[in-house]
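Just so it is clear, none of the values below were taken in a lab; they were calculated from the coordinates. The structure presented is a predicted model; accordingly, all values stated were derived computationally and were not measured. Cβ sites come from the backbone with ideal geometry, for glycine too, and all protein chains shown count toward neighbours.
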Amino acid sequence: MRIDIISAVPQLLEGPLNHSIVGRAREEGLVEIRIHDLRDYSKDKHRKVDDYPYGGGAGMVLTPQPIFSCVEQLTSRRPYDEIIFAAPDGELFEQEDANALSVKENLLFLCGHYKGVDQRVRDELITREYSIGNYVLSGGELPAMAMTDAIVRLLPGALGDAESALTDSFQNDLLEGPVYTRPAEFRGMNVPEVLRSGNHQKVKEWRLKQSLERTKQVRPEMYKKFRNEQ
């Protein structure tokens, strides 16, 4: 898989994408991630990539020229399965989206900044728009990193234990229940006996029960959806 990310502030992306699971996946050749500085594509002598919005109002907007130039150069070299823009008004990015994108070959992310991007970019270039929550961030770099992480960890070989991704929260429309590790007793707090019993069927039943209770308490809409699908 190859992932390209376009940003006006590429420095925000370098560190997080070089470590942990994503970093190891890059080192092992499971994914190629390239970051592109939007300012390199600006025709302005000062490498400017933003301007004031027509009609007035606060904030600055990313201009279309450098974005079109960058995207057109990249798409001339390879086809992209999706060109993704992170926006507060996009559809909510969920686990099923990460699952679907993880089997693609080439993905391109555009990170907005300031007040957003010229609408003509969204109309002509973008194929998918995602939001990672009902709040506004300073730019699309953090959402792009979050989505990249969610996608890359699903690639075969990215996790030491392939089953781990399959038991994550949201994979079966439920939240994951509590997990424990050694020691069995810590400051008077004990790991539930069932988890130490060695009875795999009982452990499975306990985990499902805990998952159901957690989802019902924290995300009742997910719990209702799960029950309706049974």
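Provide the FRET efficiency to the nearest 0.05 for the residue 78-residue 228 pair, computing r from the beta carbons and using R0 = 41 Å.
Computed FRET efficiency for residue 78 and residue 228 comes out at 0.50.
Setting aside same-chain residues fewer than 8 positions from residue 104, which aspartates and glutamates have a Cα under 14 Å from its Cα?
Partners within reach: 4, 32, 81, 82, 96.
State which stretch of the chain is the longest one without any exposed GluC sites (Glu not before Pro), exposure meaning a DSSP loop state and at most 15 other Cβ atoms within 10 Å.
No qualifying site falls inside 106-230, the longest such stretch.
Between region 15-70 and region 111-157, what is the separation of their alpha carbon centroids in Å?
11
Taking the dipole about the Cα centre of the chain, with the C-beta of Lys and Arg at +1 and of Asp and Glu at -1, give me whichever of 144, 200, 156 is farthest to the positive side.
Projecting each Cα onto the dipole axis, the largest value belongs to 200.
Quick one: of 115/224; 204/224; 115/216; 115/225, which pairs are farther than 32 Å apart, Cα to Cα?
Checking Cα-Cα distances, 115/224; 115/216; 115/225 exceed 32 Å.
Got a sec? Which residues in region 191-225 would a label at residue 94 touch, if it sits 7 Å along Cα→Cβ and we count backbone N under 13 Å?
220-225
Tell me which trypsin sites (Lys or Arg not before Pro) from region 1-71 have a DSSP coil assignment and no more than 11 other beta carbons within 10 Å of their own.
Here the sparse-neighbourhood loop sites are 43, 45.
For 111, 70, which order do you get if you count the other beta carbons within 10 Å of each Cβ and list the fewest first?
Ordered from fewest to most neighbouring Cβ atoms within 10 Å, 111, 70 come out as 70, 111.
So how long is each side of region 167-229 along the principal axes, counting just the alpha-carbon atoms, biggest first, in Å?
38, 25, 16
Would you calculate the convex hull of the Cα atoms in region 55-107 and tell me its volume per residue in Å³?
Hull volume over Cα atoms, normalised by residue count, gives 101 Å³.
Efficiency by 1/(1 + (r/R0)^6): what FRET value for residue 46 and residue 11, r their Cβ-Cβ distance, R0 = 22 Å, to the nearest 0.05?
Using R0 = 22 Å, I get an efficiency of 0.75.
Assuming a viscosity of 0.692 mPa s and a temperature of 37 °C, what translational diffusion coefficient in µm² per second does Stokes-Einstein assign to region 2-152, Rh being the Kirkwood radius over Cα pairs?
209
Can you sort 80, 180, 130 so the residue with the fewest Cβ neighbours within 10 Å comes first?
Working: 80 19, 180 13, 130 22.
Arranged by neighbour count, lowest to highest, 80, 180, 130 become 180, 80, 130.
If you put +1 on each Lys and Arg Cβ and -1 on each Asp and Glu Cβ, how big is the dipole of region 20-92 around its Cα centre, in Debye rounded to 20?
380
Using the 10 angstrom Cβ neighbour count as an exposure proxy, how do 41, 114 rank, fewest first?
By the 10 Å Cβ count, ascending, the order reads 114, 41.
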